[in-house]
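Participant: Below is one structure. I have some questions about it.
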Amino acid sequence: MTLASSKTSLKMAACPRGVSFIAASMALLAMFLIFASWLLVSYPITSTVSEYISGVNRKIVLPAKDVSGSSLEQLTMISNSSGVDNSEDAQVSIRSSVDKDSLRSESNKQLPTTKDSVDLRRNEIPEEPVQLPESSFGATEKKVDTSSSASSNASESNSVESGSLDSRKSGVLEKPGQLSESLSRPTETKVDTSSSASSNASENNSVDSGCDLYDGKWFYDPQGPSYTNSSCPIITQMQNCQGNGRPDKDYENWRWKPSQCDLPRFDAKEFLELMRGKTLAFIGDSVARNQMESMVCLLWQIEVPKNRGNRRMHRWYFKSTSVMIVRVWSSWLVRQTNEKFDFAPEGVTKLHLDAPDDNLMELIPKFDVIVLSSGHWFAKQSVYVLNNEIVGGQLWWPDRSRPMKVNNVDAFGISVETILSALVTHPNYTGLTIVRSFSPDHYEGGAWNTGGSCTGKVKPLATDELVENGFTSIMHKKQVKGFEIAVKKATNKSKLRMMDITKVFGYRQDGHPGPYRSPDPNKITKVGPDGKPPPQDCLHWCMPGPVDTWNELVLEIIRRDFEGHQNFP
């Protein structure tokens, strides 16, 4: 009895301990479940995973390696969720984060997101947007094959319908044609196009940025000129060759072809976009006026400008882009006076070769681009003053026993150095100066005032027919030397470019009015019985005609400069 009772008591004692343990364990489990549930509610696993996979923080880091395996900088980009902003003040920039769902491409290409999709190069991001037919906005120059990643990224809505941007609003030019195969373009990792529409100019049909524009040949283009003598009302009558009865017209159809690239036809819309809000000034003599009228005629075909000129300055205003084309008369580009000076009497023009034209220098800060030309007036009567001393003259020298220190050719070289040095050191001038080199004439058998003639010239000279003109060559050399000296003196932010047309236009004997410089129906146009040619103009250029090529070159120089190319021959 005692033993049995003892066992029963042990069993009774052990039972309560088991129930207590189980109860305690269940309480702990309940507390764990409650805590775990609270964690799940507060920090859902699916949300964390989703954020990690899809990038809720809207940042995509694209690690990349070059071909050697070295790591490049991490690339991050941003795009507005509404797509491309086409407003006039639109800005496109690369920033520190990205909304992958708003990345847009006009060609519906997918954005590669792994290093296996594309070899991302730091220098493949364009410095500014380029408008290309059927291509992506802001796309790199390198072609990317996205076929492998397109299927894996099909679920991402990062593309929009293709189409062209409004060139007037976005500042990205729209122009038919394809890029030259030889086109090369410096690129940066940052894009900033907010400065002006000119920095966003299209390179469609642009020549290679390093191509020498002045080495090439003339070719016949049956398409003909962009305007006619009747479609532009501002042509000076002496250059209106068709209006003055010139019987041949082929001289209008020859165009210049650089050896290593193509020089595009003048595109008036592109020019106005590049120059939006800017002023282009043609400064010089009557040949500068000839080129200015050509420019206005080329632009007139898409927009009739408003004449806002006066006696001091011709001004043509194009309202759509607020572009102003200006012509300023300055025949020698240096200071000139008529008062008596030393032994030079009153009434004879005195040229102070070491001082720029005062009237011209007052206007310089108002101009964004200047096309400068001179030289031919150094054949006219004048007195040369240097360091406050009379050193020479042209068609004037009273004392034959005293040798001149400076002749007209030397005077021209000094004047070029003077005016260009004044421009590149002007404290308030930051523009682009294009120096159009000495324009060749084609007087045969004499000079302009001694019976020279270009009668009967109807086509360009062949390469083996070009004969060097001694006077033209030496004037060109003096001009180039003055240009080179001025470049070394530059202290401001302006830029200086030489547009070297002298040899190129040496072939164009056919481009002058010749005897067709007057509308007089009874004018003499042929050599007389005595062998003397009629009065004629073998210096200025017919319009339309070869002079229009000068403005094709001007447009190309402006395009290169505004887009940051540094390869100028």
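The values are calculated or read from the model by the stated rules, or taken from the named source; none is laboratory data. What you are looking at is a predicted structure, and each value in this text was computed from that prediction instead of being measured. Reconstructed Cβ throughout: ideal geometry from the backbone, glycine too, with neighbour counts over all protein chains shown. Areas reflect the complete protein model, heavy atoms only, side chains present, ligands, DNA and RNA absent. Shrake-Rupley method; radii C 1.70, N 1.55, O 1.52, S 1.80 Å.
Participant: Scan the range 335-346 and tell me whether some residue there is touching a helix residue (DSSP H, G or I) at 6+ places or on another chain (Cβ under 8 Å) and either of a type outside the set (Val, Ile, Thr) or more than 30 Å from residue 540 (Cβ to Cβ) (or both). It would help to see each step written out before you state the result.
Facilitator: Here is the first cut: in the range 335-346, the residues touching a helix residue (DSSP H, G or I) at 6+ places or on another chain (Cβ under 8 Å) are 335.
With either of a type outside the set (Val, Ile, Thr) or more than 30 Å from residue 540 (Cβ to Cβ) (or both) added as a condition, the list becomes 335.
Scanning the range 335-346 turns up at least one residue that is touching a helix residue (DSSP H, G or I) at 6+ places or on another chain (Cβ under 8 Å) and either of a type outside the set (Val, Ile, Thr) or more than 30 Å from residue 540 (Cβ to Cβ) (or both).
Participant: A follow-up question, please. Check the range 452-460 and report whether any residue there is touching a residue at least 40 places away in the same chain (Cβ under 8 Å), under 27 Å from residue 550 (Cα atoms) and of a type in the set (Val, Ile, Thr).
Facilitator: yes
Participant: Oh, and also: If I go through the range 313-330 residue by residue, how many of them are closer than 16 Å to residue 364 by Cα and in contact (Cβ under 8 Å) with a residue 40 or more places away in the chain?
Facilitator: First, pick out the residues of the range 313-330 that are closer than 16 Å to residue 364 by Cα: 313-315, 324-330.
When the remaining residues are screened for being in contact (Cβ under 8 Å) with a residue 40 or more places away in the chain, the result is 313, 324-330.
Residues meeting the conditions: 8.
Participant: Name every residue in the range 324-354 that is open to solvent by less than 10 Å² (accessible area, probe 1.4 Å) and more than 14 Å from residue 282 (Cα to Cα), in order of residue number.
Facilitator: 334, 344, 350, 351, 353
Participant: Let me ask another. Would you call residue 467 under 23 Å from residue 376 (Cα atoms) and open to solvent by less than 50 Å² (accessible area, probe 1.4 Å)?
Facilitator: Numbers: under 23 Å from residue 376 (Cα atoms): yes; open to solvent by less than 50 Å² (accessible area, probe 1.4 Å): no.
Here the answer is no, as residue 467 does not meet what is asked.
Participant: Quick one: how many residues across the range 264-292 are open to solvent by 10 Å² or more (accessible area, probe 1.4 Å) and either assigned to a loop (DSSP other than H, G, I, E, B) or touching a strand residue (DSSP E or B) at 6+ places or on another chain (Cβ under 8 Å) (or both)?
Facilitator: 9
Participant: Of everything in the range 356-389, what is part of a strand (DSSP E or B), open to solvent by less than 10 Å² (accessible area, probe 1.4 Å) and more than 26 Å from residue 556 (Cβ to Cβ)? Give them in sequence order.
Facilitator: Taking the range 356-389 and keeping what is part of a strand (DSSP E or B), we get 356, 369-372, 382-386, 389.
Of the ones still in play, those that are also open to solvent by less than 10 Å² (accessible area, probe 1.4 Å) are 369-372, 382-385.
Listed by number, the residues that qualify are 382, 383, 384, 385.
Participant: So how many residues does the range 470-516 have that are of a type in the set (S, T, N, Q), assigned to a helix (DSSP H, G or I) and farther than 30 Å from residue 249 by Cα?
Facilitator: Going through the range 470-516, the residues of a type in the set (S, T, N, Q) turn out to be 472-473, 479, 491-492, 494, 502, 509.
From the residues that got through so far, the ones that are assigned to a helix (DSSP H, G or I) too are 472-473, 479, 509.
Then keep just the ones that are farther than 30 Å from residue 249 by Cα; that gives 479.
Of the residues in that region, 1 qualify.
Participant: Taking the options 433, 502, 472, 418, name whichever one is in contact (Cβ under 8 Å) with a residue 60 or more places away in the chain, hydroxyl-bearing (Ser, Thr, Tyr) and either closer than 30 Å to residue 525 by Cα or surrounded by fewer than 20 Cβ atoms within 10 Å (Cβ to Cβ) (or both).
Facilitator: 502
Participant: Any idea how many residues of the range 517-549 are under 21 Å from residue 231 (Cβ atoms) and outside any loop (DSSP other than H, G, I, E, B)?
Facilitator: So the answer is 3.
Participant: Determine which member of the set 237, 301, 260 is out of contact with any strand residue (DSSP E or B) (no Cβ under 6 Å at 6 or more places or on another chain), at pLDDT below 95 and of a type outside the set (Phe, Trp, Tyr). Walk me through how you get there before you give the answer.
Facilitator: Details: 237 fails: at pLDDT below 95; 301 fails: at pLDDT below 95.
Step by step, each of 237, 301, 260 is checked, and only 260 is out of contact with any strand residue (DSSP E or B) (no Cβ under 6 Å at 6 or more places or on another chain), at pLDDT below 95 and of a type outside the set (Phe, Trp, Tyr).
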